[in-house]
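Everything below concerns the one structure shown next.
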């Protein structure tokens, strides 16, 4: 996305004097089938903060979020959720700490938006447990926050890409966890839908939710995020967007002659697309 225009005011990033991190990961290593994917990655996330994870294709962005989410076992390193070590957390405890929104969910025929969000709420229920009034209120609240109440009775198969992505976010919100992790939610969306979904995630962070966003679009990351974590060569580099997206780093990591500008709520990535050899 060469020019992004996200409305709203970016929330102030949580610094050292801010709230205690909800997520802390140190020296995370992941090896899959003998291939080392991560070799000492770090990550922090606090309430009211949107952190974007970026990096070249195959760098390990999704592996990092899956590792800290408990969906991929780290080879080494330590991950804490609100001070609780990840390896000691199971089932509903982990579901109450974070909600994970994958790149794509199955879209079965005959399932409505409300039914899908209700299924998301089931992560908090005990085996064979029934939905309570509080659970039903949680489903309704999640749909309202994600902006899908207006088409709650529509079948998932009738939705556009942007609408379906909002439903996926609503499914995550139904867990009422303090952290929402979205793995490349804009990767298959057009410009308008990508701006819409990114704006929703920014609004959720501004309301106090901690949001961890995996994204390819560097201009979008710069526009929406308080901090950016770059995954490269199995390690991480982090900072505010203006500190991270320097011409030197864009050249070193993405092999691009590029620079990023931000002014008046508009962020643009200026790239020398065609270079003489």
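Readers should treat all values here as calculations from the given coordinates under stated rules, not as data from a laboratory. Only a predicted model underlies this, so the values are computations on that prediction, with no experimental measurement involved. A quick note on method: Cβ atoms are made from the backbone with ideal geometry, for glycine too, and the neighbour counts reach across all protein chains shown.
Pop out the Kirkwood hydrodynamic radius of segment 101-165 from its pairwise C-alpha distances, inverse of mean 1/r, in Å to one decimal.
Values: mean 1/r = 0.0800 Å⁻¹.
Evaluated over segment 101-165, this radius sits at 12.5 Å.
Run through every distinct alpha carbon pair of segment 66-124 and return the Kirkwood hydrodynamic radius in angstroms, one decimal place.
Numbers: mean 1/r = 0.0751 Å⁻¹.
About 13.3 Å, per the Kirkwood formula over Cα pairs.
Give the Kirkwood hydrodynamic radius (Å, one decimal) of the chain, defined as one over the mean of 1/r across all pairs of different Cα atoms. Mind showing how you got there, number by number?
Working: mean 1/r = 0.0517 Å⁻¹.
For the chain, the Kirkwood estimate is 19.3 Å.
Taking the Kirkwood radius as Rh and the Cα radius of gyration as Rg, segment 90-224 has a ratio of Rg/Rh equal to 0.95.
At 25 °C and 0.890 mPa s, grab the translational diffusion coefficient of segment 174-277 from Stokes-Einstein with a Kirkwood Rh over Cα pairs, rounded to a whole number in µm² per second. Display every interim value, and only then the final one.
Details: Rh = 14.9 Å.
Answer from the Stokes-Einstein relation: 164 µm²/s.
Distance from the Cα centroid of segment 245-277 to that of segment 19-62 is 23 Å (rounded to whole angstrom). Full extension of the segment from residue 88 to residue 153, taken as 0.36 nm per residue of separation minus the current Cα-Cα distance, would add 19.5 nm.
Ranked highest first by the average count of other Cβ atoms within 10 Å around their residues, in what order do 194-200, 110-116 fall?
Numbers: 194-200: 21.6, 110-116: 17.7.
So the order, starting with the most tightly packed, is 194-200, 110-116.
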